[in-house]
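The values are calculated or read from the model by the stated rules, or taken from the named source; none is laboratory data. Quick caveat, the model's predicted, so the values are computed rather than measured. Quick reminder, even Gly has a Cβ in these numbers, built from the backbone with ideal geometry, and neighbours come from all protein chains shown. Each accessible area value is taken on the protein alone, full model and side chains, heavy atoms only, with ligands, DNA and RNA left out. Shrake-Rupley method; radii C 1.70, N 1.55, O 1.52, S 1.80 Å.
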Amino acid sequence: MKKSNIPESQFELQVPDSLKTEEMTLSMGPQHPSTHGVLQVILKTDGEIITSAKPQIGYLHRCFEKHAENITWHQVIPFTDRLDYIASMNNNLGYVIGLERMMNLEVNERAEHLRVVVSELNRIASHLIALGTYGLDIGAYTPFLYVFRDREKILDLFEEICGARLLYNYIWVGGVAYDAPDGWREKVLEFCDYFDPKVKEYNDILTFNKIFIERTANVGVIPAEVGINYGVSGPSLRGSGVDFDLRRDDPYSIYDRFDFNVITGKGEMGTVGDTWDRYWVRVAEMVESVKIIRQALENLPEGDAKETVPRNIKVPAGEYYMRTETPRGELGFYIISDGSKMPNRVKVRSPAFCNLSVLPAVAPGVMIADLVAIIGSLDIVLGEVDR
Amino acid sequence: MRQYFKNIYEAIATILVGMGVTWRHLFTRAVTIQYPHVKRTLPERSRMQLFVEMDDCIGCMACERACPVDCIEIKTVRGGKDEDLGQTSNGQKKRLHVVQFDIDMGKCCYCSDCVFPCPTGAIRMTPEYEFITYDRSTLLTKFATYSPEEISELEERERKEKEAQAAAKAAKLKAAEEAKKAAAGTDEPKSE
Ligand code: SF4
Ligand code: SF4
């Protein structure tokens, strides 16, 4: 019997018909610690096996899109911070590059390099959280502390360059808000040297732990075509073996100048597209990010990073869809301008929302405890799901 | 059967590898600090509490307009004709009494958008972060130093000045009209 498009391996735990009991409706969340925020999932369970899962979203809805219609172009940037509050730099970048392309604005070289450095640092910070909380979700407490120790170092770097630790408002139209202070470049390089051996530490303590593998491999398999059909993107899609990364396939900023690999899941521990693969893509991507940071800092040109920041942002009438690769996937800003000083419409295509939408497709047939592993491996941020 | 024991062996082995990492960590220095007793010095760019140097503020309201959440409220009264309000530290002449300058730190989102447009650098973010209170209303920070009496006095004066100005303007208009009429009056007999 094949209930959905999931490989048979997930149905090993079929309950014999003679033992069937009544279906139970279970509400998981919104306060459940492993739902990564305020997500509620309505589960229908047959014993321990899930028959349907329905995410209920909207607990964190803050009207970003409506807000954006009532404030000036520049004032939207602090609001984009609050979409995906774990990777604010990447959100800033997507919106800002969209505006720059509408305005045909050339950006100073130094600013471009700084943007790439901070975005990749933020990607590492975000993936670290994904790793730590994922371990936490399925019962490994120690790695969580280790990744937060290292993330703290990144936040310190951010605090030095822009003064904020979480919501940066750093990347501006035409450049960045502050130039890098003296010695910042060396500090980032120092962090890169510090970080490389740490990845091995995470691998020792979590990634290749047999118990962890048993818990995650062959669980929550998202086949590539299901992922694509549901609009899954980012590491979650690459975990299913799809070789697609906007940084390489639709380059923005100066990503086309750097040499890095796009990591895809290979099913080393089980099936391609299982939760372990998605987890592993994130681990390996951090190493690639460090590579990009090194290259960007090597060629960091001298100059004034605020040189090309315009005094007034005048966006010509028109519309543009800008998509960038955030740690969660394809973040799209569909911007419509009527030539006035406020946006006419800013629609967000949020990767976390689309990634979450695949949950009802993969949940049927898994155990309740495995659902936690699946949600964790999708790495959603509710601020972005609900906007 | 072999697989079963192999699994057990692998689980124990990988746990020991992980334990090795934690064991090594026992001998490294702690990265945490005992917060209230030990405090980090924050970098100077830190965006924490806002501060306004009222002596430097010229009341241009650029910061109020820049704020995305409208948490700054400024009210100004024009200075008298021959009143000298002094200069800001970068040499701009002050022309307005800033009688009200409130920032609601409870609403503020610490984006520092207000800091950049300020022409005199009066408003800035400080690394001061310990301003928690028990009452939300105390987060409304008032920077203006004028007392209510002074404000009403200034407002009264401004009103009077405005009235005087309006009267002068009206008088001027009237005079102009009369002059016009007079001119028209002198014209009329000629055409007859
Ligand atoms: S920091 Fe931002 S939110 Fe706070 S007062 Fe300034 S502009 Fe407004
Ligand atoms: S921008 Fe500066 S000078 Fe103008 S009102 Fe604000 S604090 Fe005062």
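Helical content alone sets the calculated 222 nm signal of chain A at -13000 deg cm²/dmol, taking -39,500 (n - 2.57) per DSSP H segment of four or more residues and averaging over every residue. Whole-Hz Karplus values for the range B:173-178 come out as 4, 4, 4, 4, 5, 5 Hz, taken residue by residue from phi with 6.51 cos²θ - 1.76 cosθ + 1.60 and θ = phi - 60°; glycine and proline positions read x. Expressed as a whole percent, how much of the Cα-Cα distance distribution for chain B exceeds 19 Å? Taking all Cα-Cα pairs of chain B, the fraction more than 19 Å apart is 75 percent. Electrostatic tally near A:Asn209: other residues with Cβ closer than 11 Å to its Cβ, Lys and Arg +1, Asp and Glu -1, net -1.
Order B:Thr138, B:Thr88, most accessible first, counting only protein heavy atoms with a 1.4 angstrom probe. Could you put the intermediate results ahead of the total?
Numbers: B:Thr138 80, B:Thr88 10 Å².
So, going from the largest accessible area down, we get B:Thr138, B:Thr88.
Over the range B:100-192, what portion of Cα pair distances is larger than 24 Å, expressed as a whole percent? Above the 24 Å cut-off, the range B:100-192 has 59 percent of its Cα pairs. Using heavy atoms of the protein chains and a probe of 1.4 Å, the accessible area assigned to A:Arg215 is about 70 Å². Taking Lys and Arg as +1 and Asp and Glu as -1, the other residues whose beta-carbon sits under 10 Å from that of A:Pro301 total -2. What residues of the range B:99-128 lie in the reach of a label at B:Ile33, counting those whose backbone N is under 15 Å from a point 7 Å from the Cα along Cα→Cβ? Under cut-off, by backbone N: B:127-128. Per residue of peptide B:11-24, the mean number of Cβ atoms on other chains within 10 Å of the residue Cβ is 5. The calculated FRET efficiency for the pair A:His61 and A:Leu166, based on their C-beta separation and a Förster distance of 22 Å, comes to about 0.65. When A:Val287, A:Val242 are compared by accessible area at a 1.4 angstrom probe, the order from most to least is A:Val287, A:Val242.
Mean per-residue shielding of peptide A:124-135 is 0, counting Cβ atoms of other chains within 10 Å of each Cβ. Heavy-atom accessible area with a 1.4 Å probe sorts A:Phe64, A:Phe144, B:Phe27, largest first, into B:Phe27, A:Phe144, A:Phe64. With 31 Å as the limit on Cα-Cα distance, the pairs of A:Lys153/B:Lys75; A:Lys306/B:Lys107; A:Lys66/A:Lys266; A:Lys306/A:Lys341 that go past it are A:Lys153/B:Lys75; A:Lys66/A:Lys266.
Helix B:2-25 and the longest principal axis of the Cα set of chain B meet at an angle near 60°. Separation of the range A:229-244 and the range A:312-387, taken as the distance between their Cα centroids, equals 14 angstrom. Modelled label positions at A:Arg149 and B:Met54, each set 7 Å beyond Cα in the direction of Cβ, lie 4.9 nm from each other. I need the Debye-formula profile for chain A: one equal scatterer per C-alpha, no solvent, reported as log10 I(q)/I(0) at q = 0.06, 0.07, 0.09, 0.12 1/Å, two decimals. Rounded to two decimals, the profile gives -0.23, -0.32, -0.52, -0.90. Rg and Dmax, both from the Cα atoms of the range A:68-154 and both in Å, are 16.2, 50.
Label the range A:270-342 by shape, choosing from rounded, prolate and oblate, from the square roots a ≥ b ≥ c of the eigenvalues of the Cα gyration tensor; if a/c is under 1.5 it is rounded, and otherwise prolate applies when a/b is larger than b/c, oblate when it is not. Oblate shape, in that a/c is at least 1.5 and b/c is the bigger or equal ratio.
Once the Kirkwood radius over Cα pairs is known for the range A:14-136, the Stokes-Einstein relation at 4 °C and 1.567 mPa s delivers a diffusion coefficient of 71 µm²/s. Straight-line reach from A:Lys347: which aspartates and glutamates fall under 17 Å, measuring Cα to Cα and dropping same-chain residues less than 8 apart? Within the straight-line cut-off, A:Lys347 pairs with A:Glu65, A:Glu69, A:Asp81, A:Asp84, A:Glu100, A:Glu319, A:Glu325, A:Glu330, A:Asp338, A:Glu384, A:Asp386. Using 0.36 nm per residue and subtracting the Cα-Cα separation, the extra length available between B:Arg65 and B:Asp104 on full extension is 12.6 nm. Averaged over residues, the count of other Cβ atoms within 10 Å places the peptides A:363-376, A:45-58, A:76-89 in the sequence A:76-89, A:363-376, A:45-58, highest first.
Within the set of other residues whose C-beta is less than 15 Å from the C-beta of A:Leu43, count the net charge using Lys and Arg as +1 and Asp and Glu as -1.
Details: positive: A:Lys44, A:Lys54; negative: A:Glu22, A:Glu23, A:Asp46, A:Glu48, A:Asp370.
Charge balance near A:Leu43 sits at -3.
When chain A is treated as a Gaussian network with alpha carbon springs shorter than 10 Å, the biggest mean-square fluctuation among A:Glu285, A:Glu120, A:Glu23 belongs to A:Glu23. Amide H contacts under 5 Å for A:Glu330: A:Ser233, A:Gly234, restricted to partners 5 or more places along the chain or on a different chain, H placed in the peptide plane at 1.01 Å from N. The label-point distance for A:Lys266 and A:Lys44, in a model that sets each label 7 Å from Cα toward Cβ, rounds to 4.1 nm. Stokes-Einstein D for the range B:1-87 at 37 °C, 0.692 mPa s, Kirkwood Rh over Cα pairs, in µm²/s? Estimated diffusion coefficient is 158 µm²/s. 3J(HN,Hα) along the range A:379-387, derived from phi through the Karplus expression 6.51 cos²θ - 1.76 cosθ + 1.60 where θ = phi - 60°, amounts to 6, 8, 10, 5, x, 8, 4, 8, 6 Hz, with x in place of Gly and Pro. Using the Cα coordinates of the range A:219-351, the gyration tensor eigenvalues translate into equivalent-ellipsoid semi-axes of 33, 22, 9 Å, sorted from longest to shortest.
Over the Cα atoms of the range B:50-147, compute the convex hull volume and normalise it per residue, giving Å³. Don't skip to the end; give the middle numbers.
Details: hull volume 9.9 nm³, N = 98.
Spelled out: Cα convex hull of the range B:50-147, divided by residues, is 101 Å³.
Relative contact order, percent, of chain A when contacts are C-alpha pairs under 8 Å separated by at least 6 residues? It would help to have the intermediate numbers written out before the result.
Details: 773 pairs, mean separation 104.3, N = 387.
With pairs under 8 Å counted, the relative contact order is 27 percent.
Rolling a 1.4 Å probe over the protein chains gives A:Ser340 an accessible area of about 50 Å².
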